[in-house]
1. Which residues, taken from segment 9-41, are over 21 Å from residue 85 (Cα atoms) and of a type in the set (A, V, I, L, M)?
2. Looking only at segment 2-20, filter to residues that are assigned to a loop (DSSP other than H, G, I, E, B) and over 22 Å from the mean Cα position of the chain (by Cα); which one of those is nearest to residue 99 (Cα to Cα)?
3. Restricting attention to segment 30-55, report how many residues are surrounded by 17 or more Cβ atoms within 10 Å (Cβ to Cβ) and part of a helix (DSSP H, G or I).
4. When segment 68-82 is examined, which residues are found to be surrounded by 11 or more Cβ atoms within 10 Å (Cβ to Cβ), of a type in the set (Gly, Ala, Ser) and either more than 16 Å from residue 124 (Cβ to Cβ) or free of Cβ contacts under 8 Å to residues at least 12 places away in the same chain (or both)?
5. Cβ-Cβ distance below 6 Å, separation of 6 or more or different chains: which pairs start in segment 137-162 with a residue that is in the same structural domain as residue 105 (by TED's automatic domain parsing) and under 15 Å from residue 86 (Cβ atoms) and end on one that is buried (at least 17 other Cβ atoms within 10 Å of the Cβ) and of a type in the set (Gly, Ala, Ser)?
6. Which residue out of 4, 89 is of a type in the set (Val, Ile, Thr) and not assigned by TED's automatic domain parsing to the domain that holds residue 102?
7. Restricting to segment 241-274, name every residue that is among the polar types (S, T, N, Q) and part of a helix (DSSP H, G or I).
8. If a residue has to be surrounded by fewer than 18 Cβ atoms within 10 Å (Cβ to Cβ), in a loop (DSSP other than H, G, I, E, B) and not hydroxyl-bearing (Ser, Thr, Tyr) to count, how many in segment 196-211 make the cut?
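The values are calculated or read from the model by the stated rules, or taken from the named source; none is laboratory data. Just so it is clear, the model here is predicted, and its values are computed rather than measured. Ideal geometry is used to build each Cβ from the backbone, glycine not excepted, and the neighbour counts take in all protein chains shown.
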Amino acid sequence: MGAISHNVFQPDNNAPVSSSDYQPEGEAFVGDLLEDGPTVPHPEAKALTLDEIDSLKQTYKKAALNAKKAGFDGVELHTGNGYLLDQFIRSSVNKRSDKYGGSIENRIRLVIEIIDILIDTIGAEHVGIRLSPYGGAGGSSDETPEKTYTALANALNGKNLAYLHVIRPNKYTSGIDNIDEGSQLLLKMRKSFDGFFIANGEFSPEEASEWIDKDQADAVTFGRLYLANPDLTERIKNNGPHNKDNDETYYAAGTKGYVDYPTLQATRSALEEE
């Protein structure tokens, strides 16, 4: 998570880390670990040293090995939503003057290095990556998102990854309000990447099917819709109906909003009783 954290979660109560010294906007969730909680302002994160970056890369390698040992089919390198690796990519955060800062090539360098480590560790067919050109926690941004993220998509060519997974800018992200404009960026990234391309971001099942039919994506994923409809595949086959998600229970403690949405059968029974 990089800077999107708090000292209470760090070893010896140290500051969170990022690409540069950086204090995100908003608040960190600390639950009952602090009297002022459950949320408090983000502290300032400290820039990782080169030695710490080398150690970080080995941590990703260890995580991939642990996932394989635990029986997972593969790993998805989370490189979006304003978290640690995105904090290296985005120009509003990354103010480094070494090989990991400045140019787009330098700002995406760490991501490519980690991808190569994961490929060497568990095989390219077991490695995916997720990007979000806009939005995310902490209010970070990039001055030229189209140029930056298409360059990253292009840099992933030839690596035979399992997939590239990209979040379309939508009403839940910052930096862009027009979902059609967000779609255009995904389409450009699709053309820049030579492998399996997954789209995400406020898709309806109907639009998802249209994108696949037009070869604008190889697959489309759902987040909030799946959260509210754990039997989503069955609902799509039957053209709904779909439960509406409750954003007041996002990131909440306990099971409410996670395991209590009605099944398709229960929804149908309720509709029949009305």
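1. Once the filter is applied, which keeps residues that are over 21 Å from residue 85 (Cα atoms) and of a type in the set (A, V, I, L, M), segment 9-41 yields 30, 33, 34, 40.
2. Among those that are assigned to a loop (DSSP other than H, G, I, E, B) and over 22 Å from the mean Cα position of the chain (by Cα), it is 15.
3. Count: 1.
4. Listed by number, the residues that qualify are 80, 82.
5. 137/82; 138/82; 140/82; 142/91; 143/91; 153/192
6. 4
7. Within segment 241-274, 249, 265, 267, 269 qualify.
8. 1
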